[in-house]
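Below is one structure, written out as structure tokens; the observations come after it.
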Amino acid sequence: MATDELLYEVRGTTGWVTLNRPQARNALTFAMYEGLAEICSSIPDDGSVKSIVVIGAGEKAFAAGTDMRQFRDFSSEQDALDYEHRMSRVFHQIETCPVPTVAAISGACTGGGAGIAAACDLRIATADMKFGFPIARTLGNTLSIDNLSRMAALIGIGRVKEAIFTAKLIGAEDALAIGLVTEVVSDYSALLARVDELTAQLAGHAPLTMRTIKEGLRRLRVLGAEAEDKDLIVEAYMSEDFREGMEAFLAKRKPDWKGR
């Protein structure tokens, strides 16, 4: 799971994942992708971890995509298909993580790094953030439909085309204006402080509400309005937490959420 290049620690009730290759602008190896996916799919169900933060080491980059050396051995159609399948699987594990995920973005957030951030639930950026997939002027590869779908759901098909066709990187203020990021802060120190505030707020909210809403929105993106939701409705309304929420509201006290 955790390695020298992918750090993981729990601070309070927040799991912090650090992409730790600052000398390479946190460019991702396949092992780093796999480690991140494993962390997101292995969150304990005892409530000890209430959110996950993904951040890049240092202030210059969240992650500058996949380390290009990973592509040198590509020689067959299957190599290409396996790579995009890996990316879809990793992003799926982030998207279906049972607790809220926050991408804390400073500096460059491109390629696979942008894919990771897009799969997170919330994105907070520093003022110097640059986000995008500049593949039309760099590698000349493409994105899977799964990846494109996730980006289109965030900012719309037209903006996805513009960003990729022009190889334009989206700055922080533009990203905020189009809903790509939820907040912009001045610098790295402010980013850390704001993420601490946000995760503390999330820790006090109903876990089942956030989990079922996350999954409902994922199904809506993938399957459309006909996606099944009965299991999510039953999970929330038949939970101990729903009963606790009602009683706490009537008693004018804070609810004691259990996540079940």
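The values are calculated or read from the model by the stated rules, or taken from the named source; none is laboratory data. What you see is a predicted model; the values in this text were computed from it and never measured. Because the Cβ atoms are built from the backbone with ideal geometry, glycine has one as well, and the counts that use them run over all protein chains shown.
Yes/no per residue for (1) farther than 20 Å from PHE62 by Cβ; (2) surrounded by fewer than 24 Cβ atoms within 10 Å (Cβ to Cβ); (3) not basic (Lys, Arg):
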position	(1), (2), (3)
MET87	no, yes, yes
VAL90	no, no, yes
THR96	yes, yes, yes
ALA104	no, no, yes
CYS120	no, yes, yes
ALA136	yes, yes, yes
SER144	yes, yes, yes
### Query
Are any residues in the stretch 6-29 over 19 Å from PRO100 (Cα atoms) and either over 17 Å from the mean Cα position of the chain (by Cα) or in a loop (DSSP other than H, G, I, E, B) (or both), and if so, which ones?
ASN20, ARG21, PRO22, GLN23, ALA24, ARG25, ASN26, ALA27, THR29
## Note on the structure
All conditions in (1) under 17 Å from PRO98 (Cα atoms); (2) at pLDDT 95 or above are true of ASP45 except (2)
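What helices (runs of 4 or more DSSP H) lie completely within the stretch 151-218 and have 1 or more residues being closer than 22 Å to GLY65 by Cβ, touching an Asp or Glu at 6+ places or on another chain (Cβ under 9 Å) and in the same structural domain as SER41 (by TED's automatic domain parsing)?
Details: elements: 157-165, 172-177, 188-203.
Here the list reads 172-177, 188-203.
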### Evaluation of PHE62 against (1) free of Cβ contacts under 8 Å to residues at least 24 places away in the same chain; (2) within 14 Å of the chain's Cα centre (by Cα) (one fails), failing number
(1)
### Message
Can you tell me which residue is farthest from ALA118 (Cα to Cα) among those in the stretch 65-103 that are in contact (Cβ under 8 Å) with a residue 60 or more places away in the chain and of a type in the set (Asp, Glu)?
### Response
GLU84
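How many residues are β-branched (Val, Ile, Thr) and assigned to a strand (DSSP E or B) if we restrict to the stretch 101-138? Give the derivation first.
Pass one, the stretch 101-138, residues β-branched (Val, Ile, Thr): 101-102, 105, 110, 116, 124, 126, 135, 138.
Remaining after also requiring assigned to a strand (DSSP E or B): 101-102, 105, 110, 124, 126.
Summing the residues that are β-branched (Val, Ile, Thr) and assigned to a strand (DSSP E or B) in the stretch 101-138 gives 6.
Given the criteria assigned by TED's automatic domain parsing to the domain that holds LEU122 and either among the acidic types (Asp, Glu) or farther than 29 Å from SER189 by Cα (or both), does GLN78 qualify? Please lay out each step first, then the result.
On the way: assigned by TED's automatic domain parsing to the domain that holds LEU122: yes; either among the acidic types (Asp, Glu) or farther than 29 Å from SER189 by Cα (or both): yes.
When the stated conditions are applied, GLN78 passes them.
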### Query
So how many residues does the stretch 1-60 have that are more than 25 Å from SER189 (Cβ to Cβ) and aromatic (Phe, Trp, Tyr)?
2
### Task
Output the number of the condition that ARG137 fails; it satisfies all remaining conditions of (1) touching a helix residue (DSSP H, G or I) at 6+ places or on another chain (Cβ under 9 Å); (2) basic (Lys, Arg); (3) closer than 27 Å to LEU81 by Cα.
(1)
